[in-house]
Amino acid sequence: MSVLAIVPLNNGRPTKGGLEAASYAAAFAKDQGLEAIALVAGSIQTDGDLGATGVVRVLQCSDELTDSSQWTRLAAAAAQECGAKTVVLTHDHTGRAIGPRLAVRLNAGMVSGVTALPQAGAVRKNVFSGKAMADVEVSSEVVVYSVTPNAFGVRDGGSPAAVTAFSAEVGDAREQVTGFDPASADGQTPLPEAELVVSAGRGLKGPENWGIVEDLAKALGATTACSRPVSDIGWRPHHEHVGQTGITIRPNLYIAAGISGAIQHLAGVNQSKVIVVVNTDPEAPFFKAADYGIVGDAFEVLPRLTAAIKALDA
Amino acid sequence: MKILVCISQAPDTTSRIAFTDEGKTFDSSGVQYIVNPYDEWYALVRGIELKEAHGGTVTTMTVGGAVCDPVIRKALAIGADDAVRMDAEPTDAMQTAQLIASYAKDQAFDLILCGKETIDHNGSMVPAMIAEMLDWPFVALATHLEVEGNAATLKREAAGGIEHVKVNLPLVLSAAKGMAEQRIPNMRGIMSARSKALNVEQADGTAMSAVRQFSLPPEKGACKIIPADQAEELIRLLREEAKAI
Ligand SMILES: Cc1cc2nc3c(=O)[nH]c(=O)nc-3n(C[C@H](O)[C@H](O)[C@H](O)COP(=O)(O)OP(=O)(O)OC[C@H]3O[C@@H](n4cnc5c(N)ncnc54)[C@H](O)[C@@H]3O)c2cc1C
Ligand SMILES: Nc1ncnc2c1ncn2[C@@H]1O[C@H](COP(=O)(O)O)[C@@H](O)[C@H]1O
């Protein structure tokens, strides 16, 4: 018996979410006295750093797959092959497309977006858009989990894993990928995976003022985000919108400038490990959810922060 | 084109979240319910736009008790033609998906549009489960959908950007921001919604998971205020105290 991790690749390397799924699978396997095995589709260098996460073996399908139903068949065959009763994915766009399909195919209960290892027969996840947590029990023999990005982390220290070729009858591709628009030209980490995020709201007054936000993000190596009205009026692209109806993030640091901290905004960001708020209004509700605050004008404070980081790094 | 839009009800986004029964039950007292935003703003509106462009019908599907009827009427007021409610209190996504798939399987729908996730369960599971149960293609987190004859062209969220995808109908998708603009129902819509059919079907399915216990996140400690003219001090604290950078 084993625990199987589904690991998506991006440009020949496991994604961070994939490494987190492998780390979770390995930690869970260790608790249970089992082995963790990773499944990839496409080519990787050596073991793709998966051994370091604690995975002992990598099953490699040579075909790159983008079709959720093909992936599902491949993963189901792999789960069967290694007698896996637990399958772990990352709760990103891949895990959302494949995980629930796989659960149906394996007749398994699924818990999505888990944030910690199962304990006493239940596993924790966030519900009500981060305003509460739920401990969920699964009654089926086979279980599928998807792990919230940046919640469990990537484990390190294991030894290189053996890579074995794996193939299965996956049927025809029905989803055909015809193009790709990169979100940002400068290669920022995608928001769901970002550890550092600099975000701004209507307090910035107009899209022409975003330079100070981008400068701070660049100095930190952070990803930029925004509040909903800012993306609704077209100051910033939709994919930057965080909150209850945007992306939910969980970075180590979230800096919010000119954002009031409405409950719907907080829902998407309140699991950030450290929150910094910059706002001219000392009564802004966001300060109640913040760890550090500066009552001041973003137009003055952000450039100062950028300069201070540059001085630190110099 | 025959379109099914899956609509669930969710607590209003400003609701106070609390639990009773020692953390086993959501405290719905004083809670206003709305159509789950992803279902309403994106899935439903795009469904209606496609119907307006190509002809056909938009049916909404809800798994839940009679308490859901007001939000179903709202969807009808926005422009759906009729509604189906599977009368059950689902315990998990598997059960919900089963009931939707069992209804849809011999109705010859071309499209099943869902929201990206419900804002209470945050599952993001029901749509892909329906797709697997029907053995249909599935596009997760779709931000754009056009249909020409039997072919759908879509955009979806992917690692570091937006992917373009082509798929033949029938198809299940989960809708994310960008798919459509919110529509406010007008008076005529609200009036006509009253006479549109809301068909209730008896149903039950089996769940495979259940919530044992809810809890609330720990309270934040007090916010440390740093004077605006000492912004450098914040950077020092972030590095040395919070160890965040
Ligand atoms: C169903 C629903 C879902 C929603 N979902 C989301 C969501 O997912 N995400 C989201 O963000 N919102 C969401 N909202 C909207 C939310 O309620 C707020 O309206 C929104 O978050 C406010 O955005 P803001 O803070 O940028 O703007 P405002 O509320 O206008 O706040 C601007 C802030 O900037 C400050 N400010 C002004 N000038 C400066 C300056 N020079 N320097 C520093 N600070 C300054 C002001 O004091 C103020 O606090 C949702 C609303 C609804 C009804
Ligand atoms: N009870 C329900 N009735 C109808 N559709 C639902 C129900 N629950 C979920 N859905 C649909 O599935 C999507 C994802 O839900 P979830 O998997 O719960 O996050 C929602 O946005 C709806 O479109």
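Residues considered: A:Thr53, A:Thr164, A:Thr223. Largest GNM mean-square fluctuation over chain A, using C-alpha springs under 10 Å, is found at A:Thr164. Reported value for region B:44-83: 53 Å³ per residue, from the convex hull of its C-alpha atoms.
In loop segments of region B:140-245 as defined by DSSP, the GluC sites (Glu not before Pro) with at most 12 further C-beta atoms inside 10 Å of their C-beta are B:Glu181, B:Glu219, B:Glu241.
Roughly to the nearest percent, how much of the accessible area of the protein assembly as shown is carbon and sulfur, given a 1.4 Å probe?
Values: 10890 of 22430 Å².
Roughly 49 percent of what the probe reaches on the protein assembly as shown is carbon or sulfur.
Look at the dipole of the protein assembly as shown built from charges on Cβ: of A:Leu266, A:Gly171, A:Val295, the Cα furthest out on the positive end belongs to A:Val295.
Per the Debye formula on identical point scatterers at the alpha carbon atoms of region A:191-313, with no solvent, log10 I(q)/I(0) at q = 0.09 Å⁻¹ is -0.20.
Restricting to the protein assembly as shown, what percent of DSSP beta bridges are antiparallel, rounded to 5?
Numbers: 41 of 116 bridges.
The antiparallel fraction comes to roughly 35 percent.
Summed over all non-identical Cα pairs, the Kirkwood treatment of chain B gives a radius of 19.8 Å.
Roughly how compact is region B:1-138, stated as its Cα Rg over 2.2 N^0.38 Å to two decimals? Can you show the working numbers first?
Numbers: Rg = 14.9 Å, N = 138, 2.2 N^0.38 = 14.3 Å.
With N residues counted in region B:1-138, Rg over 2.2 N^0.38 Å equals 1.04.
The Rg/Rh ratio of chain A, with both radii computed over alpha carbons and Rh defined as the Kirkwood radius, is 1.01.
List the GluC sites (Glu not before Pro) within region B:9-85 that fall in a DSSP loop (any state other than H, G, I, E or B) and whose Cβ has at most 11 other Cβ atoms within 10 Å.
Details: sites: B:Glu22, B:Glu40, B:Glu49, B:Glu52; in loops: B:Glu22.
Those satisfying the criteria are B:Glu22.
Rounded to a whole number, what is D in µm²/s for the protein assembly as shown from Stokes-Einstein with the Kirkwood radius over alpha-carbon pairs (37 °C, 0.692 mPa s)? Walk me through the intermediate numbers first.
Numbers: Rh = 24.1 Å.
Answer, rounded: 136 µm²/s.
In square angstrom, what is the accessible area per residue of region A:2-165 with a 1.4 angstrom probe?
Numbers: 5680 Å² over 164 residues.
Normalised by residue count, the accessible surface of region A:2-165 is 35 Å².
Distances between placed amide hydrogens fall under 5 Å for A:Val114 paired with A:Ser146, A:Val147, A:Thr148, all partners being 5 or more residues away or on another chain. For the residues of A:102-110, the average number of beta carbons from a partner chain within 10 Å of their own beta carbon is 5.
Per residue, what accessible area does chain B have, given a 1.4 Å probe and all protein chains present, in Å²?
Here the per-residue accessible area is 42 Å².
Given the C-alpha centroids of region B:74-115 and region A:143-204, what is the distance between them in whole angstrom? Taking the Cα centre of region A:143-204 as reference, the centre of region B:74-115 is 30 Å away. In the Gaussian network model of chain A, springs joining C-alpha atoms below 10 Å, which of A:Gly17, A:Gly221, A:Gly99 carries the largest mean-square fluctuation? Result: A:Gly221 has the largest fluctuation of those listed.
From the alpha carbon centroid of region A:236-275 to that of region B:34-56 is 27 Å. Per residue, the convex hull around the alpha carbon atoms of region A:52-123 comes to 122 Å³. Once the GluC sites (Glu not before Pro) in DSSP loops with at most 13 neighbouring Cβ atoms within 10 Å are cut out of chain A, the longest remaining piece is A:170-282.
Out of all DSSP beta bridges in chain A, what portion is antiparallel? Express it as a percent rounded to 5. Before the final figure, lay out each step's value.
On the way: 9 of 56 bridges.
Taking every DSSP beta bridge within chain A, about 15 percent pair in antiparallel fashion.
For chain A, excluding the exposed loop sites themselves (trypsin sites (Lys or Arg not before Pro), DSSP loop, at most 15 other Cβ atoms within 10 Å), the longest remaining stretch covers A:1-204. Structure remark: mean-square fluctuation, Gaussian network model of chain A, C-alpha springs under 10 Å; the largest value among A:Pro251, A:Pro182, A:Pro207 belongs to A:Pro182.
So with the 1.4 Å probe, I'd like the accessible area per residue for region A:191-313, rounded to whole Å². Accessible area per residue, region A:191-313: 36 Å².
Report the accessible surface area buried between chains A and B, summing both sides, using a 1.4 Å probe on protein heavy atoms only, in Å² rounded to the nearest 100.
Values: alone 15460 and 13940 Å², together 22430 Å².
Summed over both sides, the interface buries about 7000 Å².
Based on the reciprocal of the average 1/r between different C-alpha atoms, the Kirkwood radius for region B:119-158 equals 11.7 Å.
The tail of the calculated P(r) for region A:2-165, taken as Cα-Cα distances beyond 28 Å, holds 11 percent of the pairs.
The values are calculated or read from the model by the stated rules, or taken from the named source; none is laboratory data. Since the model is a prediction, treat every value here as computed from it, not as a measurement. With ideal geometry, Cβ positions are generated from the backbone for all residues, glycine too; neighbour counts draw on all protein chains shown. Just so you know, the surface numbers come from the protein's heavy atoms only, side chains and all, with ligands and any DNA or RNA stripped out. Shrake-Rupley method; radii C 1.70, N 1.55, O 1.52, S 1.80 Å.
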